[in-house]
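Notes to accompany the following structure.
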Amino acid sequence: MKNISLLGSTGSIGTQTLEVVRAYPEELCVKALTCGSRIGLLKEQIKEFKPELVVVFDQDKALELEKEIKSPEFSSYEEKIPEVMSGMEGLIAAATLSSADIVLTAVVGMIGIRPTIAAIEAGKDIALANKETLVTAGHIIMPLAKAHGVKILPVDSEHSAIFQSLNGEDRKALDKILLTASGGPFRGRRREELSNITPEDALKHPNWSMGAKITIDSSTLVNKGLEVMEAQWLFGVPAEQIQVVVQPQSIIHSMVQFDDGGIIAQLGTPDMKLPIMYALFYPERKFLEGERLDFWKLSEITFEKPDTDNFPGLRLAYEAAGEGGSMPTVYNAVNEEAVSLFLRRKIGYLDIADTIACCMSSHKTVNNPDLDQILMIENELRGEVARRFE
């Protein structure tokens, strides 16, 4: 039995993780569940999975939940009613829970950094779906994981594909990583055609079902930029050895090329449960229900070069990666705030990448920032972006 602490249980990755747990009840057990504020769904998860700890980041919602789980609705709860906590203290408690073997971090944004560090220091393996943690603090996370003998197992579809393709291979023979991208819903459009894009338009991803923030990031190619920076840390290669290839059908999830010119790829239908399962059961593979790739029916797999002129988010990511230090934090923090403003209709679609570029150009890089500096820069920049569009 593998015990899981699931950070971000009500989001897209979190709910799909629970589908996997539901399919393997004799091998997987949920010990902690956390969410931001969606306590309605969290209550249903508590009833089904019976964790010992639940965390609601919003303190008022946590107090509301605590009252509700003491009601007759939960009177048939077979185990002890779970402890309820809130805020960062609660996330860290969930990440370091003594009964948990692995922590799946599916929270969105830089909020995942502190719990991930705490989990590593507590000796927990990490199933990582929170790319911002490595983008901004990879120089802290990866050495720490090595020092504590902790596995960092990628849950992102692309990074899981790379991880699987490298399995059993000599990492020293790796020539480059071929990181695939769907191109998003606006592939082929020019900048002037993007000025009136609405949140509803950008949330219609052609292949994947994901949370709002990552779906917007996919449309701007910022998500692919974040994945380039994450891959640097996960696989120990510089950004110039990571080539983004647009593969609109989302059949090839990523590839690796070796010194002899050989390429190994991981293919499959677009289903996030596959990388989730691979991380939770690694190194085992388990049966996953669902559609299988049928090469007799598959008419073609096509490839394109990413359009970094009309979608500069990816180009800016390479610039941030090349600069290093605190610049990836600038890229990530400004994007998080800009996407939030766009979803609230406070700014236009093109303002997202333009604001990232503006803030990067004015930032004085801090080399090798510590955690406090990273979080201070994030806070300052998010405030600056919010004030810019008041």
Could you please find all residues in region 354-390 being among the aliphatic types (A, V, I, L, M), in contact with a Gly (Cβ under 9 Å, 6 or more places away or on another chain) and over 13 Å from Tyr331 (Cα atoms)? Val366
Test for Asp156: is it under 15 Å from the mean Cα position of the chain (by Cα) and open to solvent by 10 Å² or more (accessible area, probe 1.4 Å): yes
Within region 64-79, is even one residue modelled with pLDDT under 95, of a type in the set (Phe, Trp, Tyr) and outside any loop (DSSP other than H, G, I, E, B)? yes
Give region 172-194 a look and list any residue that's open to solvent by less than 20 Å² (accessible area, probe 1.4 Å) and either assigned to a loop (DSSP other than H, G, I, E, B) or under 19 Å from Arg345 (Cβ atoms) (or both), or say none. Ser182, Gly183, Gly184, Phe186, Leu194
In region 364-389, residues that are under 14 Å from Ala137 (Cβ atoms), in contact (Cβ under 8 Å) with a residue 40 or more places away in the chain and of a type in the set (D, E, K, R) total 2
Region 23-47: number of residues that are without any contact (Cβ under 8 Å) to a residue 12 or more places away in the chain and open to solvent by 60 Å² or more (accessible area, probe 1.4 Å): 2
Inspect all residues belonging to region 195-204 and state whether any of them is farther than 30 Å from Met142 by Cα, among the acidic types (Asp, Glu) and surrounded by fewer than 15 Cβ atoms within 10 Å (Cβ to Cβ). yes
Residues satisfying the stated conditions in region 267-307, i.e. assigned to a loop (DSSP other than H, G, I, E, B) and touching a His at 6+ places or on another chain (Cβ under 9 Å): Gly268, Pro270
In region 83-106, which residue that is open to solvent by less than 20 Å² (accessible area, probe 1.4 Å) and in a loop (DSSP other than H, G, I, E, B) is modelled with the highest pLDDT? Ala100
Please go through region 334-346 and give me each residue that is touching a residue at least 60 places away in the same chain (Cβ under 8 Å) and either surrounded by fewer than 18 Cβ atoms within 10 Å (Cβ to Cβ) or closer than 17 Å to Glu227 by Cβ (or both), ordered by number. Asn335, Glu336, Val339, Leu343, Arg345
Looking only at region 347-366, and only at residues there that are polar (S, T, N, Q) and open to solvent by less than 50 Å² (accessible area, probe 1.4 Å), the one that is nearest to Thr220 (Cα to Cα): Thr355
Quick check, is Lys31 touching a strand residue (DSSP E or B) at 6+ places or on another chain (Cβ under 8 Å), basic (Lys, Arg) and either closer than 30 Å to Ile152 by Cβ or in a helix (DSSP H, G or I) (or both)? yes
Do we find that Pro369 is open to solvent by less than 60 Å² (accessible area, probe 1.4 Å), more than 23 Å from Val244 (Cβ to Cβ) and not polar (S, T, N, Q) in this structure? yes
For Ile162, all conditions in the list (1) over 24 Å from Ile251 (Cα atoms); (2) surrounded by 24 or more Cβ atoms within 10 Å (Cβ to Cβ) hold save one; what is the number of the exception? (1)
For region 265-322, name all the residues that are small (Gly, Ala, Ser) and crowded, with 21+ Cβ neighbours inside 10 Å. Ala279, Gly313, Ala317, Ala320, Ala321
In region 130-151, anything open to solvent by 20 Å² or more (accessible area, probe 1.4 Å) and touching an Asp or Glu at 6+ places or on another chain (Cβ under 8 Å) is listed as Ile140, Leu144, His148, Lys151
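Residues are listed down the side, and each one gets a yes or a no for (1) closer than 20 Å to Asn335 by Cα; (2) among the aromatic types (Phe, Trp, Tyr); (3) in contact with a helix residue (DSSP H, G or I) (Cβ under 9 Å, 6 or more places away or on another chain):
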position	(1), (2), (3)
Ala122	no, no, yes
Val135	yes, no, yes
Met142	no, no, yes
His148	no, no, yes
Phe163	no, yes, yes
Ala181	yes, no, yes
When region 239-257 is checked residue by residue, the ones that are open to solvent by 20 Å² or more (accessible area, probe 1.4 Å), part of a strand (DSSP E or B) and either more than 17 Å from Leu314 (Cα to Cα) or among the hydroxyl-bearing types (Ser, Thr, Tyr) (or both) are Met255, Gln257
Considering only region 1-12, how many residues are crowded, with 21+ Cβ neighbours inside 10 Å and modelled with pLDDT of 95 or more? 7
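The values are calculated or read from the model by the stated rules, or taken from the named source; none is laboratory data. Here the structure is a predicted model, which is why all the values come from computation and not from measurement. Reconstructed Cβ throughout: ideal geometry from the backbone, glycine too, with neighbour counts over all protein chains shown. Areas reflect the complete protein model, heavy atoms only, side chains present, ligands, DNA and RNA absent. Shrake-Rupley method; radii C 1.70, N 1.55, O 1.52, S 1.80 Å.
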